[in-house]
1. Suppose the filter is touching a helix residue (DSSP H, G or I) at 6+ places or on another chain (Cβ under 8 Å) and in contact (Cβ under 8 Å) with a residue 40 or more places away in the chain; does residue 229 pass it?
2. Can you find even one residue in region 72-88 that is buried (at least 17 other Cβ atoms within 10 Å of the Cβ), assigned to a loop (DSSP other than H, G, I, E, B) and without any contact (Cβ under 8 Å) to a residue 60 or more places away in the chain?
3. Kindly indicate which of 179, 171 is at pLDDT 95 or above, in contact with a strand residue (DSSP E or B) (Cβ under 7 Å, 6 or more places away or on another chain) and on the phi > 0 side of the Ramachandran plot.
4. Answer with yes or no whether residue 67 is modelled with pLDDT of 85 or more and touching a helix residue (DSSP H, G or I) at 6+ places or on another chain (Cβ under 7 Å).
5. Within region 165-187, which residues are more than 16 Å from residue 219 (Cβ to Cβ), in contact (Cβ under 8 Å) with a residue 60 or more places away in the chain and not in a strand (DSSP E or B)?
6. Is it the case that residue 43 is at pLDDT 95 or above, crowded, with 20+ Cβ neighbours inside 10 Å and at positive phi?
7. Give the residues of region 213-251 that are at pLDDT 95 or above, farther than 25 Å from residue 300 by Cα and part of a loop (DSSP other than H, G, I, E, B), sorted by residue number.
């Protein structure tokens, strides 16, 4: 199903009407304290976690997973232009849901100046998707974040959310893939894959020699996903950009053209993870759909909650 980003505003209004009052027989959500700080996950390490919003027994907690090199910051930002509207995803979703976001080690804070997060313990790099998933699983357990979880994952975070769902299917109530990295990326990029993978891993200049910089072995991570159990039949939705990627300095035009050509096919492969997966095009948005079209991301997450029987 393809819709323009104008759909996002309409969905938000519908959800405001159908979701403002708890369904009959359901408990009124409690409002637990805001969590905002380091959580000990063992092994002498901690991860930064931010949780806010009400919770009710049995209602999923929304867990936000950022893309490659990004801290949790993009979920608290908005650059929406009409017809897209709405506050940042974290703010909007936490009005009615328990929502959590965290910083992976070595990821970028959107500060002035830009900095690497010092809120989560650094780890040796490179690492793989399994290490990221194990960290998140340990974090949610250590912080006693109630499940099940609705995962909302951007870009390479989609690979992490996919593996988390395959490894812990009983813990996952659904997944929203936000312009997510497809498992077939290497095959789709063909001869351009090695150069593109190098561009993906490359630090921004001020962190070029920083060993803390997040570095994920994507090929090994894809192998981990392929080796895990099949993706389970959980409620799933896919959001995809329509505007071109920003082209990093030093990336050849040929790689950029290949990337734009194959990206829709890669998105379709994510859609095909489950039958009848709703697929929405965020018209006018680039790769950061959660920043440029936050209302659409938020509305999709809440509709997926309803689809899963959680009002």
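The values are calculated or read from the model by the stated rules, or taken from the named source; none is laboratory data. Here the structure is a predicted model, which is why all the values come from computation and not from measurement. Cβ: placed from backbone, ideal geometry, glycine included. Neighbour counts: every protein chain shown.
1. On the way: touching a helix residue (DSSP H, G or I) at 6+ places or on another chain (Cβ under 8 Å): yes; in contact (Cβ under 8 Å) with a residue 40 or more places away in the chain: yes.
When the stated conditions are applied, residue 229 passes them.
2. Within region 72-88, one or more residues are buried (at least 17 other Cβ atoms within 10 Å of the Cβ), assigned to a loop (DSSP other than H, G, I, E, B) and without any contact (Cβ under 8 Å) to a residue 60 or more places away in the chain.
3. Numbers: 171 fails: on the phi > 0 side of the Ramachandran plot.
Being at pLDDT 95 or above, in contact with a strand residue (DSSP E or B) (Cβ under 7 Å, 6 or more places away or on another chain) and on the phi > 0 side of the Ramachandran plot holds for just one of 179, 171, which is 179.
4. Yes: the conditions hold for residue 67.
5. Step one: of region 165-187, the residues more than 16 Å from residue 219 (Cβ to Cβ) are 165-180.
Imposing the further condition that a residue be in contact (Cβ under 8 Å) with a residue 60 or more places away in the chain reduces the set to 165-167, 169, 172-180.
Listed by number, the residues that qualify are 165, 166, 167, 169, 179, 180.
6. Working: at pLDDT 95 or above: yes; crowded, with 20+ Cβ neighbours inside 10 Å: no; at positive phi: yes.
The answer is no for residue 43.
7. 213, 214, 215, 217, 228, 229
Here is a yes/no grid of residues against (1) closer than 23 Å to residue 123 by Cβ; (2) surrounded by fewer than 14 Cβ atoms within 10 Å (Cβ to Cβ):
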position: 208; (1), (2): yes, yes
position: 211; (1), (2): yes, yes
position: 231; (1), (2): no, no
position: 237; (1), (2): no, no
position: 241; (1), (2): no, no
position: 244; (1), (2): no, yes
